[in-house]
Amino acid sequence: MSTESRSYIDLSGRTAVVTGGGNGIGKGIVHRLSAAGAEVYVADIDDSAASAVAAEVRASGGTSDSGAVDVTEQSSADLMISNAIDRFGKVDILVNNAGVGGAAGWTEREEGSIEDWQAVFEVNVLGIVHSIKSVSQHMIDRGSGKIVNIASGAGRRGSPGFAHYSSSKASAINVTQAFAYKLASSKINVNSVCPGIIWTSLWEDISARRLKSSRDTTSTGREYFERRFEGVPLGREQTPDDVGNAVVFLASDKAKNITGQALNVDGGSMMN
Ligand SMILES: NC(=O)c1ccc[n+]([C@@H]2O[C@H](COP(=O)([O-])OP(=O)(O)OC[C@H]3O[C@@H](n4cnc5c(N)ncnc54)[C@H](O)[C@@H]3O)[C@@H](O)[C@H]2O)c1
């Protein structure tokens, strides 16, 4: 017989930090965590976007604050975590969502340059490592914690022309497993979520790049994007809220015996 009294997910009393929380998927994650009752610290290199999302949460009755972070810098990640602890007393949940498609101007290049490879590994991989290093001793001391890294379906399969990005996301899945092993003895769960295709500024950039490389001057970016999810088994695009709902589950005690996993939120595009 179940020993749990309630079947819904309640994150009341939990504090979450979301990197890249000012836009796109991160914003959806922030709102879903808040809807589940968590206090959310929104961190982004785009300080004003982070501040606007925190204000939205407060306007809808939630508790939120924000701050600037550049996850490529260990000192900046350290400051993000200490600011969140100063503000809320603790960090129960860390969501490493900040990500980029390449260095400045990457949409203009058909193949990733060395600068693109460096940029994605600095943000999409080292950004995760820095933030986990910043929070892990705090979580170890408390004997609990939930870490969710936003990887990608791209990390499951090499992508011609986008190898720098897809391999950074494969690395994010692998890093998730490494930290899941390392932190398991302190009852800290570390998982990743692999979104499929979601219409954010990142996908606007991807569409623009692909239309340019295929010399398609008539389609809009949105039309190119819509052709991409025609082959998705569930036949529809995914949303930031879909990813946020997966994060809420993985950040909850309902997922207490799940660690080191990569959960696809992609309408069935990848089945593994
Ligand atoms: N959109 C998709 O279809 C899709 C699919 C799979 C995975 N993802 C991943 O989801 C995550 C969010 O992507 P998105 O689509 O919302 O993109 P987005 O560009 O809308 O949002 C990314 C956010 O990360 C922030 N950011 C960038 N560099 C940063 C840094 N150094 N430090 C702190 N913040 C930084 C940006 O300011 C922005 O707010 C990324 O990790 C991305 O790779 C997106």
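Readers should treat all values here as calculations from the given coordinates under stated rules, not as data from a laboratory. On a predicted model such as this, the values are computed, not experimentally measured, just so you know. Virtual Cβ from ideal backbone geometry, glycine too; neighbours counted across all protein chains shown.
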Notebook entry, point to check: Between region 155-204 and region 15-51, what's the alpha-carbon centroid distance in Å?
Noted result: 19
Checklist line | On Cα atoms only, tilt of 74-88 relative to the major axis of the chain in degrees | finding: 50
Checklist line | Residues whose placed amide H lies under 5 Å from that of V265, excluding near-sequence neighbours | finding: C194, G196
Notebook entry, point to check: Hey, what do the phi angles of region 172-188 turn into as Karplus ³J(HN,Hα) couplings, whole Hz, using 6.51/-1.76/1.60 and θ = phi - 60°, x for Gly and Pro?
Noted result: 4, 5, 5, 4, 4, 5, 4, 6, 4, 4, 4, 9, 4, 5, 9, 6, 9
Check: Where does helix 201-213 land angle-wise versus the long Cα axis of the chain, in degrees 0 to 90, nearest 10?
Finding: 20
Note to self: If Rh is defined by the Kirkwood formula over all Cα pairs and Rg also comes from Cα, what ratio Rg/Rh do you get for region 135-272?
What the structure shows: 1.05
Margin query: Please rank H138, H130, H31, fewest neighbouring Cβ atoms within 10 Å first, as an exposure proxy.
Written below: H138, H31, H130
Next item on the list: Calculate, in nm to one decimal, what E111 and R58 gain on full extension: separation in residues at 0.36 nm each, minus their alpha carbon distance.
Entry: 14.8 nm
Checklist line | Helix-only mean residue ellipticity at 222 nm for the chain, each DSSP H run of n ≥ 4 adding -39500 (n - 2.57), per residue, nearest 500 | finding: -13500 deg cm²/dmol
Next item on the list: List the residues whose amide H sits under 5 Å from the amide H of S66, counting only those 5 or more places along or on another chain, with H placed 1.01 Å from N in the peptide plane.
Entry: V42
Check: Peptides 60-67, 225-232: what's the order by average Cβ count within 10 Å, highest mean first?
Finding: 60-67, 225-232
Notebook entry, point to check: So how far, in whole Å, is the C-alpha centre of region 76-140 from the one of region 226-272?
Noted result: 21
Notebook entry, point to check: So what is the relative contact order of the chain, in percent, for Cα pairs below 8 Å that sit 6 or more residues apart?
Noted result: 19
Margin query: Just want the ordering: Y165, Y224, from fewest to most Cβ atoms lying within 10 Å of their own Cβ.
Written below: Y224, Y165
Margin query: As I understand it, the value is the acute angle between the Cα axis of helix 24-35 and the longest principal axis of the Cα atoms of the chain; what does it come to in degrees, rounded to 10?
Written below: 30
